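Values in this text are rule-based calculations from the coordinates and carry no lab data. Bear in mind the structure is a predicted one, so any value in this text is a computation, not a measurement. Cβ placement follows ideal geometry from the backbone for every residue including glycine, while neighbour counts extend to all protein chains displayed.
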Amino acid sequence: MTLRVRGLTIDHGAIRALSNATFNIPKGSITAVIGANGAGKSTLLRTISGLKRATSGSILWDEIALDQLQTEQIVRTGIVHVPEGRSVVTELTVAENLALGGVWRQRTNKSDVLAAISEVYQLFPRLAERQKQRADTLSGGERQMLAIGRGLISRPQLLLLDEPSLGLAPLVVEQIFQTLSKLQQSTGMTILLVEQNAMSALRIASQGIVLDQGRVVIADNAKAIMNDTALRHAYLGY
Amino acid sequence: MDFLNIVIAGVSIGAIYSLMAFALILVWRSTRIVNFAQAGQAAFSTYVGLSIETATGNYWIALLAAVLSGVIIGAIVEVVIVRFIVKHSTSAATAAVAPVIAMLGLLGIFQGLMGLIWGGEYQAYPTAFAREGLIIAGNQIPFSPSDLFVLVVVVVAMSVAALVFQKTSLGLAMRAAAFAPEVTRLSGIRVSRIRTLGWAFAGGAGGLAGVLVAPSTFIAPNSFDLLLVFGFTAAVIGGLDSLVGGVLGGLALGIGLAVVTGYLGGSFTFMTAFVLLIIVLLIRPQGILGARGARRA
């Protein structure tokens, strides 16, 4: 399925977070949305997953108009959002956090939920070792793995990832990004990756979208963006 | 009266405080609202129980009716009132104040309604078992078959609740929604339904507490106000977010107040509860078993 964003404008109170954005996220790719802090990246993801409403414009997931749906229903269409800040339920154990991602389809497809959980444990063996531990005892990297893992249990066709590298050591970031890249290749899912860490994100992405103060300034293939020195200087600061 | 007898006397009333604390904590966890109307909801359910008892003469059917009406009233309060207050409390200031005032107003409405339907005077509520103290080795102890019944009912209710919370998907969703509603929604769970259920279960627990306490307090529109205060104190002792903490807080409070009553006299009971409440809030606002950051609301 393809995600089509058309003329999307989102306001945060008096501040315009996103202004008339139009782009497509093709199926089975990794798209990196990059830009400085406050460029509107997180707001874009929050609007796709229904946590926030757009001021105008539309988001189409094939034929489904996402702006008509509640967050809980959007998950059922195959779009899973892992928000920024290693969003796990710290009061629950690792196993419970993963189980949470499967509760909504527990009754109809219990065996697949269990299969998804064991796949996540294979993907992130550290989580398997810490199954019974409360999530607040995990390291930052492990928490991020758990947040992504919780999302994977819902079997996303489109995974929205918000700043998975935030506050993590470079080595851990590298590990998580490599895992994501492998995962995308093996499952064929679509990943929309929002990142301030532009280089790491573009390296595993096929497409890049550069946001600056709520505007889409570039939507191009990732390599082209990486190789465009002027663009990098202007918007990415290196 | 020797000390052990006093402690025993406090256990069953403490168990009722635990039940009330449980109701308040469930609501707090699901919506971050202290439900002052719970006293009115519990009294209303108890009146329903009393009416059924009068009509059928069957204690057990009445008990069931009270709990069920508590569940229904809890759900209605959430769907009809709370949902809209939460939705419209957009600024931090209104979010802090509006629900409190609304719940106090709702308490008034419930009490007025009960006065209209059942009258304002105190009425007796029957017990299932005798209220005379058991005789052990020739001595009568301040613990009756009725107290034992209360204790058993509360233990069973709490065990069922613990099983649901720890072993079922519903319980998992309720715990997750309590601590991280956004992550829970993003996991595909209808958090608004979970909220309604939280209020419904709380209402049922309140109804049960009402039926269990009514034989000793009698029932009148405002006769459970003290129960609310004690339940709230127990909940705060346990740390508002912790169901286990609330249950232990209720038992501790019941026993503590029995000790105070036994040695200093009944006129100190009420005051002691408030002093305790304030001490806990001053020294350990997160409660004895409360999670770190329980006051982040």
Quiz item: How far is helix A:140-152 tilted, in degrees, relative to the longest principal axis of the Cα atoms in chain A, given as a value from 0 to 90 rounded to the nearest 10?
Solution: 90
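Which whole number in µm²/s is D for the range B:141-297 by Stokes-Einstein, with the Kirkwood Rh taken over Cα pairs at 37 °C and 0.692 mPa s? Mind dumping the intermediate values first?
Numbers: Rh = 17.3 Å.
D = 190 µm²/s.
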Self-check item: the protein assembly as shown, dipole about Cα centre (Lys/Arg Cβ +1, Asp/Glu Cβ -1), debye to the nearest 20
Solution: 1220
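Quick one: divide the alpha-carbon radius of gyration of the range A:1-93 by 2.2 N^0.38 Å and tell me what you get.
Compared with the compact-globule rule of thumb, the range A:1-93 sits at 1.11.
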Self-check item: Max mean-square fluctuation residue, GNM over chain B, Cα-Cα springs under 10 Å, options B:Val27, B:Val71, B:Val156
Solution: B:Val156
Practice problem: Past 25 Å, Cα to Cα, is the threshold; run A:Lys52/A:Lys223; A:Lys132/B:Lys167; A:Lys182/B:Lys167; A:Lys52/A:Lys110 against it and keep the listed order. | Solution: A:Lys52/A:Lys223; A:Lys182/B:Lys167; A:Lys52/A:Lys110
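With both bridge residues required to lie in the protein assembly as shown, what share of the DSSP beta bridges run antiparallel, to the nearest 5%? All intermediate terms of the calculation are to be shown ahead of the outcome.
Numbers: 24 of 42 bridges.
Among the beta bridges of the protein assembly as shown, antiparallel pairing accounts for roughly 55 percent.
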Practice problem: Please build a GNM for chain B, connecting alpha carbons under 10 Å apart, and tell me which residue among B:Leu134, B:Leu257, B:Leu24 fluctuates the most. | Solution: B:Leu134
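Considering Cα pairs under 8 angstrom that are at least six residues apart, work out the relative contact order of chain B and quote it in whole percent.
Values: 494 pairs, mean separation 107.1, N = 297.
Across chain B, relative contact order equals 36 percent.
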Quiz item: Hey, how many Å between the Cα centroid of the range B:1-74 and the Cα centroid of the range B:213-261?
Solution: 10
Quiz item: At 10 °C and 1.306 mPa s, what whole-number value in µm²/s does Stokes-Einstein give for the translational diffusion of the range A:150-198, with Rh from the Kirkwood sum over Cα pairs?
Solution: 139
Quiz item: Can you tell which of B:Val153, B:Ile136, A:Val113 lies farthest toward the positive end of the dipole of the protein assembly as shown, using +1 and -1 charges on the Cβ of basic and acidic side chains (Lys, Arg; Asp, Glu)?
Solution: A:Val113
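Can you check what the Kirkwood hydrodynamic radius comes to for chain B, Cα pairs only, in Å to one decimal? Let's see the in-between values first.
Working: mean 1/r = 0.0515 Å⁻¹.
For chain B, the Kirkwood estimate is 19.4 Å.
For the protein assembly as shown, count the residues as N, evaluate 2.2 N^0.38 Å, and divide the Cα radius of gyration by that value, please.
This ratio for the protein assembly as shown stands at 1.15.
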Quiz prompt | Rg followed by Dmax, in Å, when the range A:3-236 is reduced to its Cα trace | solution = 17.2, 53
Practice problem: Give the order of B:Phe165, B:Phe84, B:Phe268 when sorted by the count of other beta carbons within 10 angstrom, beginning with the fewest. | Solution: B:Phe84, B:Phe268, B:Phe165
Quiz item: Relative to the Cα centre, what is the charge dipole magnitude of the range A:3-236, using +1 at the beta carbon of each Lys and Arg, -1 at the beta carbon of each Asp and Glu, and rounding to the nearest 20 debye?
Solution: 240
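What percent do you get for the relative contact order of the range A:3-236 when only Cα pairs under 8 Å and 6+ apart count? Don't skip to the answer; put the middle values down first.
Working: 444 pairs, mean separation 67.7, N = 234.
Normalised by residue count, the contact order of the range A:3-236 is 29 percent.
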Practice problem: State the answer as a single residue: which of B:Thr184, A:Ile30, B:Gln166 lies farthest towards the positive end of the charge dipole of the protein assembly as shown, with beta carbon charges of +1 for Lys and Arg and -1 for Asp and Glu, about the Cα centre. | Solution: A:Ile30
Quiz prompt | Given charges at Cβ of Lys, Arg, Asp, Glu: the range B:2-144 dipole, positive-most of B:Ala93, B:Ala23, B:Gly119 | solution = B:Ala93
Quiz item: So for the range A:3-236: antiparallel DSSP bridges make up what percent, rounded to the nearest 5?
Solution: 55
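Rounded to the nearest 20 Debye, what is the dipole magnitude of the range A:1-137 about its Cα centre when Lys and Arg each give +1 and Asp and Glu each give -1 at the C-beta?
Values: 17 positive and 12 negative charges, 15 e Å.
Dipole size: approximately 80 debye.
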Quiz item: Given that compact globular proteins tend to follow 2.2 N^0.38 Å, what is the ratio of the alpha-carbon Rg of the range B:204-250 to that value?
Solution: 1.19
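Using a Förster radius of 35 Å, what is the FRET efficiency between B:Ile117 and B:Leu282 based on their Cβ-Cβ separation? Nearest 0.05, please. Please report the intermediate quantities before stating the final value.
Details: r = 41 Å, r/R0 = 1.18.
Rounded to the nearest 0.05, the efficiency is 0.25.
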Quiz item: Which whole number of Å³ per residue matches the convex hull of the alpha-carbon atoms in the range A:128-235?
Solution: 125
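Over the range A:73-207, what is the relative contact order in percent, taking alpha-carbon pairs closer than 8 angstrom and at least six residues apart?
Values: 177 pairs, mean separation 45.1, N = 135.
With pairs under 8 Å counted, the relative contact order is 33 percent.
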Quiz item: For chain B, modelled as a Gaussian network with Cα springs under 10 Å, which listed residue fluctuates most, B:Ile13, B:Ile73, B:Ile109?
Solution: B:Ile109
